Structures are given as C-alpha cells and as structure tokens.
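Visitor: For reference, the structure I am asking about is given below.
The values are calculated or read from the model by the stated rules, or taken from the named source; none is laboratory data. Nothing here was measured: the structure is a model prediction, and the numbers come from that model. In this analysis, Cβ positions are derived from the backbone assuming ideal geometry, glycine residues included, and neighbour counts consider all displayed protein chains. Surface accessibility is based on the protein's heavy atoms, side chains included, excluding ligands, DNA and RNA. Shrake-Rupley method; radii C 1.70, N 1.55, O 1.52, S 1.80 Å.
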Amino acid sequence: LSSLKKFDEIKKANQAAAKKLVEDQLSSSSEDDDEDAEVKQGKILDKTFTIYTSQTDGDASELERTRQYMNEAFQSGAMTCLICIASVKRNQAVWSCCGCFCIFHLVCIQKWAKDSLFLVSSPLTDDDFGKKDYPWPCPKCRFEYKRSETPSRYYCYCGKVENPTVDPWLVPHSCGQICEREFKPSCGHKCLLLCHPGPCPPCPKMVTITCHCKKAKPVPRRCSAKEWSCRLPCGRTLLCGQHACENPCHAGDCQPCPRVSKQRCICGRQTVERLCASPQWQCDQVCGKCLPCGNHTCEQVCHAGPCGDCPRSGKRSCPCGKTKFTLPCTEDVPTCGDSCDKVLECGIHKCSQRCHRGPCEICRQEVEKQCRCGKHTKRMPCHKPYLCETKCTKIRDCQKHQCRRKCCSGNCPPCDQVCGRTLGCRNHKCPSGCHRGSCNPCPETVDVKCNCGKTVIKVPCGRERTIKPPKCKQLCSRPPTCHHPTQEKHYCHFGRCPPCRQPCQKTLTCGHLCPVSCHDEALVKQTGLHQSAGPWEQPSEPAFIQTALPCPPCEVPIPV
C-alpha cells in the first residue's frame, strides 16, 4: 500500500510538471523568436483580416491601428498589466478596457475596482453607504465604470465566449469567431474581423449617399467616409432672411451672415451699419416718453412696445412695509413711525429702529457665542465671528497627516501635501495629492531599442530592466576586426561579433593563397601563468586570449 501511494504521488507530480511545461510553451511571453513563429503569426493575422479585406478589395490601410494591438499580443513582453507590472500570458484570465483597450489581469482589475470603490465610499456613514452607485476608473485612461460593471468572469475580446480555450493558431485570448461589435460611431453595421484586441477598424461597407447640400446625385462611398461635399455653393437661406449661404457645400448649420446692412435700433431713433447676423440692438439713449400720469417720463433704455404705467401710481408701502398709502405719484411715501422689525443679517435678531429708509444697521446685541469647533464660548457682539486658536488634531482623509487647522468645524479639507511615494516602476514618484491605498500606475512609457537603435518597442515604465531587446532585422554595421575588407553578413546584435569564417586568402611565401578559415582572432588557452603554492590551493580555470595565428604550411602538391 505504501509503494502504491508513493507511486500515485510521483505520478501526480509528473503530470503537474508536464502541464506547466505545456502552459509555459503556449504563453505569450515565450522565447520563440525564430522565423517559423513569425510566419505563423503572419498567417493568423491574414486569417483575422480576410473578411474585412474582401470588402475593401484588398485595401488594409485602415487596419494599421488594429494590427499594432495584435502584434503586441504576439510580441514577447509587449502586453503588460499596468497594475502588477507583469507580462500577460496566453493562459491567464484578462480584461480589456473599452476606452483605451488596455489589457489587465482579471484578478488585478477586480482588486483595483474593489479598492477604488472602498476609497470613494469610506468617508460615508453606514446609512449613506450603498445608496449611490459610485464609479471606479480604468487605471490608464480613467474611463469610469459603474459598480455593477466590475468584471467577474473571463471573456474573449468580443464578449461572446466565456473562458476561451488556448489555441496556438488564434490571437491570444480570442475566440476565433467574427467580432460583430457595433462600429463607433454607430452606422448600423458590425465589425467583420475575427475576435481581436484593440479598436474595431472603420466600417468597410459601401453605401449610396448624396452630398451635404443634397444637390449632387447619390454616389457609392465607403460607409466610414460617407460624408462628402460637392464643393458647390450651399445656397440655403440664412437666418437674416435676406441672403443665401455662399460657402461651399458643408455639414451642419450655415455660418452667420457676413454681410453688412443699415439697421435701426429697437426704439427706432438711431440707424447704423451692422452685421446682418445681429439685427436686434439697443442704443444708449433713455426712452424719455411721457408716462400716462403726465408727471414723469419713462426711464428705460431703448425698449420695444409701450412704456407701461407710472411705477409711483397705485398703493405704495412705507419703508418697513407695514402701512400702505394711496398718494399722488408726485408725493413720496412717508415713514409710518412704527418699529422697523426687519430681520438683520445675523438672521436671528430684528431691527429695533423706527421705520426708516435705506439699509438696516449691523446687529450689535451681545450674545454668548460658541466657536466653530465647539470647544470654547465667549460673550461678544452678534455680528462678529468667533474663532478660537485651538488647532484640529484629527487625521485627514489620507490617514497620515493631521488637519492642524485653527478652530476646525470637523469637516477637515483634503490633504494638500504631495504623495511622493515611489511608484511600481521604481523610476518615478507619485505626483498626486496625499491619498490612501495604492498609487495609480506610472503613465510613462520607455523605448527599448536594439543595438543599432533602428528597431524600437514601447514598454511600460519599469519593464525596461526585465524585457529583452527587440530582434532587429537590420544587418550588423560594425567594421571587420580581421584583415578582410568586409565581414560576413549577420543581423544586428549586442556583444562581440561572431568569429569570421571566410577563407584566409593570405599569400603564402610559396605564392599560393591560404585556404583555411580566418585565424586573425583565434582563442588560445594560456598555460603556466600561475604556479600553485601547494595542494591546498584550488586550480584556476584556464584563461583564453584572442590572438592571430600564423598561416599553416602550404599543402598544395607540386612536382619535385
């Protein structure tokens, strides 16, 4: 029984190791950078774009942006989760933002959404919590999602298949079906590519449509560029009602009329040259017409219609508003002699003066006032504010610093200090205000170049130390280090060039050419450089030096 149990344990361990080996080989961060992988990648891209290019007669110029996202999905280390700064592999559950199309690990974005919602709702009381659907933002583009939109399951890019299988002949995290997402802006058609990362390309369908001004005949055009202009004059009547639009056929409303004409003001006293687009205007003159009372004139500035009744006619109230008088419009309303009793600016006490004209005085009654923080009281005039010198010791919402504001009411303002913590990239510090929780990912990108600098890939800041340089297809441009005028053709690389394998071709003393491989930089082992002091000393590894060897003796047979 013990031997069988041990055999089952070993069997399970071997199966787990084999499964892990297969997953590592299928991961997007694998090290297959050979020619076969590139040919395979090209076939997968062609298969994805087949239906789209069949609609555009082979034109793939509109697919460059989508192609870039798909190349990053294949490229080693190009797909990086900005939350944990780690590579996104084929066999890992992911989530894609619909705003910036950035890809994150599903576990990382779930934790990010949970932390964001907690930080937003933490200042709330238990009664307010849950009453409002607070949003959480995308770590990169800050596009806001509702609490109900927090991802809980792993879907492909088009959202049709849950937990898509790992297929080496499909784009990573794709289901292989037609995308069929609505184009943006919506035109009624759907995307024809196979399930893909990044934005959908412009709509390739052909539609028959006329120009903006509707004068030209309908012509067939690509749906993504169906708006067109015939370049003829628009001809629509402008808002002034007198002139027609002279601009070439255009979209939207016509511009205001640019012509100038003589126009009267509203009251009709003045006439000036003005733009047709603004016919209604007022002059600076007071109306001055006699009102129906016969004693006063209209004091309004340039108006239309009748002037109206005299504002001093009818019943008028005294300054305090308690007594009404019926007097001719030529007489002023007297004060009633009663107390004013209007509420003062303090909102508590009333004016104790007799009925008077003009504003009431400030409140001068002495009251027992409590300071803003509620710790001290003092007897002082009602109109003066009372602030004590006690500094607030509460911790601000950052949970790090004290408020330190004098006589604080308890509603402490947000922390005004800079966070300054080192971000996950280890290169920059957080520029945001002091906050709780983890900092936002570093928004910077870094260029990783090959040795010659002609091949560049952009990676998130912090990944440049672990990412491998891109494989360059340019030939190495270093000068040869041997006696040959040119070196063997090989691709751009780091480190020393490989040894020259061209025939030596030096002229020997006998007149023949040396036929062996170039030996200007041969590695020769050095011996006898260091004598060991005794048997206790460890022997050192042999040292190799690069040196030029003489040509071997000529082996060409000759008659003697």
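Visitor: If a residue has to be part of a loop (DSSP other than H, G, I, E, B) and either open to solvent by less than 50 Å² (accessible area, probe 1.4 Å) or charged (D, E, K, R) (or both) to count, how many in region 359-387 make the cut?
Guide: Qualifying residue count for the region: 12.
Visitor: Just name the residue that is nearest to CYS102 (Cα to Cα) out of those in region 192-209 that are open to solvent by less than 30 Å² (accessible area, probe 1.4 Å) and either of a type in the set (Gly, Ala, Ser) or without any contact (Cβ under 8 Å) to a residue 60 or more places away in the chain (or both).
Guide: Looking at the filtered set, the residue picked out is GLY198.
Visitor: Within region 62-103, restricting attention to residues that are of a type in the set (Gly, Ala, Ser), modelled with pLDDT of 85 or more and part of a loop (DSSP other than H, G, I, E, B), which residue is surrounded by the most Cβ atoms within 10 Å (Cβ to Cβ)?
Guide: ALA93
Visitor: Oh, and also: What are the pairs with Cβ atoms under 8 angstrom where one residue, in region 411-422, is closer than 21 Å to PRO441 by Cβ and of a type in the set (Ser, Thr, Tyr) and the other, located anywhere, is assigned to a strand (DSSP E or B) and at pLDDT 85 or above? Sequence gap at least six, or different chains.
Guide: Final answer for the pair search is THR422/LYS429.
Visitor: A further question on this structure: Is it the case, given these coordinates, that ARG236 is open to solvent by 90 Å² or more (accessible area, probe 1.4 Å), of a type in the set (Lys, Arg) and in contact with a strand residue (DSSP E or B) (Cβ under 9 Å, 6 or more places away or on another chain)?
Guide: Answer is yes for this residue.
Visitor: Let me ask something else. Given the conditions (1) open to solvent by 40 Å² or more (accessible area, probe 1.4 Å); (2) within 30 Å of GLY294 (Cα to Cα); (3) not in a loop (DSSP other than H, G, I, E, B), and given that LYS322 satisfies all but one, which numbered condition is not satisfied?
Guide: Evaluating LYS322 over (1) open to solvent by 40 Å² or more (accessible area, probe 1.4 Å); (2) within 30 Å of GLY294 (Cα to Cα); (3) not in a loop (DSSP other than H, G, I, E, B) leaves (3) as the failure.
Visitor: Also, I was wondering about something else. For region 510-541, which residues satisfy the criterion of being modelled with pLDDT under 85, open to solvent by 70 Å² or more (accessible area, probe 1.4 Å), part of a loop (DSSP other than H, G, I, E, B) and not β-branched (Val, Ile, Thr)?
Guide: LEU529, HIS530, GLN531, SER532, ALA533, PRO535, TRP536, GLN538, PRO539, SER540, GLU541
Visitor: Could you please give the count of residues in region 325-353 that are touching a strand residue (DSSP E or B) at 6+ places or on another chain (Cβ under 8 Å), among the small types (Gly, Ala, Ser) and part of a loop (DSSP other than H, G, I, E, B)?
Guide: 2
Visitor: Test LYS406 against the stated conditions and say whether it is open to solvent by 50 Å² or more (accessible area, probe 1.4 Å) and either closer than 30 Å to CYS392 by Cβ or more than 29 Å from the chain's Cα centre (by Cα) (or both).
Guide: On the way: open to solvent by 50 Å² or more (accessible area, probe 1.4 Å): yes; either closer than 30 Å to CYS392 by Cβ or more than 29 Å from the chain's Cα centre (by Cα) (or both): yes.
Yes: the conditions hold for LYS406.
Visitor: Of everything in region 212-228 that's over 35 Å from the mean Cα position of the chain (by Cα) and open to solvent by less than 40 Å² (accessible area, probe 1.4 Å), which residue is farthest from PRO185 (Cα to Cα)?
Guide: First, the residues of region 212-228 that are over 35 Å from the mean Cα position of the chain (by Cα): 213-220.
Next, from what is left, pick out any that are open to solvent by less than 40 Å² (accessible area, probe 1.4 Å): 213, 216.
On the way: CYS213: 22, ALA216: 25 Å.
The extreme case among them is ALA216.
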